[in-house]
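Heads up: the structure comes next, in C-alpha cells.
What follows is calculated from the coordinates using simple rules that are stated; it is not laboratory data. Only a predicted model underlies this, so the values are computations on that prediction, with no experimental measurement involved. So basically every Cβ, Gly included, is an ideal-geometry build from the backbone, and we count neighbours across all protein chains shown.
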Amino acid sequence: MRRTLIVSDIHGCIKPFNRLLEQEGYNAAKDKLILLGDYVDRGPHSKEVVDRVMELVQDHGAIALRGNHDHRFVQLIRTNLPDTKARFLKYGGVATLSSYMKASKPPKPLTTSNAKIQYIRKHYARHIQFLEKLPLYYEDEHHIFVHAGINPKYARWQDQPEHDFMYIRDEFHHAKLELAKMVVFGHTKTSKLHASSDIWFSDGKIGIDGGCAYGKQLNMLIFEEGTYRTAFVKG
Ligand SMILES: [Mn+2]
C-alpha cells in the first residue's frame, strides 16, 4: 500500500532531512512525498536543500509547496528591494547567502550582500525559477496541504490571499474549521501549539513543524491505510 510522507520547514537542514528519508525507508516508486515549504534560511545548507527538493520533484514525483521564506528569497533575488532585504536578513537569510557562496566558491570572495545577491541571480536562475513556480497548496482525497494554514473568513478557502497560505497563524490555529478534509500544515513550530516539538494533532488540523533549524527536530507525518504515524530525527 502506498504511503504518504509529509515533511515541512527543512530550513537548510539537509543532513536531518536526508537522515529522516533514509530512516523511514522513503522509496519514490511506492511513497508519495509532500513537502510543505520553507526550504531556505536559518539552517546551514539552504542551497543543498533546494538542489535536493528540485531533484525529488523533477525526478521522483514529489510535491513541494512554497513557504514564506522561499517566496521572500525569490523576491529578494528578483528585486532586491530594501524592505524585502531587511526582512530576509533579519529572518535567517544571512545563512542562505553563506550557503550559496560556500557551495559555489566565486573566483574572488564576495563581501557585500548585494554582490552575493547578484551572484545568485546570475548563477542560480534555475533555483529561483523553480521556487517561484511552486504551488501554495495541494490536496489529496483526505487532506489539504498548506505551508501556514487556512483563513476561516473565506467561504472557499482556495480564494484566500496568497499571503494567508504562507503566513497565517493564530486565526487559523484557533479556528473551528468546517472542512471535509484534514488540514496539514507547518510554519508555526509545534512547541508553540503544545508543550512539545512533536506533531500536533487537533480537530481538523495537524501541525508538523518540529523546529529543526532551532536545534529541535524534523518531523515526518506518515499516512498509510487511513491512519497516521509520526517519525522524527533530532536537528
Ligand atoms: Mn514559514
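Quick notes on this structure:
- Charge dipole (segment 50-136, unit charges on Cβ, about Cα centre) - positive-most of 120, 109, 136: 109
- Label point at residue 102 placed 7 Å out along Cα→Cβ; residues across segment 23-50 whose backbone nitrogen lies under 13 Å: 41-49
- Against the compact-protein benchmark of 2.2 N^0.38 Å, the Cα-based radius of gyration of segment 125-235 scales to 1.09.
- Taking only the Cα atoms of segment 97-160, the ratio Rg/Rh comes out at 1.22, with Rh defined as the Kirkwood radius.
- Computed on segment 58-179, with alpha-carbon pairs under 8 angstrom and 6+ residues apart, the relative contact order is 28 percent.
- Three-way shape label, the chain, alpha-carbon gyration tensor, a/c 1.5: prolate
- Sparsely packed loop sites in segment 49-153 (the trypsin sites (Lys or Arg not before Pro) outside DSSP H, G, I, E and B with at most 14 other Cβ atoms within 10 Å) comprise 133, 153.
- When the trypsin sites (Lys or Arg not before Pro) in segment 159-234 are filtered for DSSP coil states and for at most 10 other beta-carbon atoms within 10 Å of their beta-carbon, the remaining sites are 176.
- Taking GluC sites (Glu not before Pro) across segment 145-235, the ones in a DSSP loop with at most 13 further Cβ atoms lying within 10 angstrom of their Cβ are 178, 225.
- Inter-part distance where segment 158-193 and segment 48-67 are each reduced to a Cα centre, Å: 23
- The chain - mean residue ellipticity at 222 nm from DSSP helices (-39,500 (n - 2.57) per run, n ≥ 4, rounded to 500): -10000 deg cm²/dmol
- Candidate lysines - alpha carbon under 23 Å from residue 205, same-chain residues fewer than 8 apart omitted: 32, 153, 176, 181, 189, 192, 216
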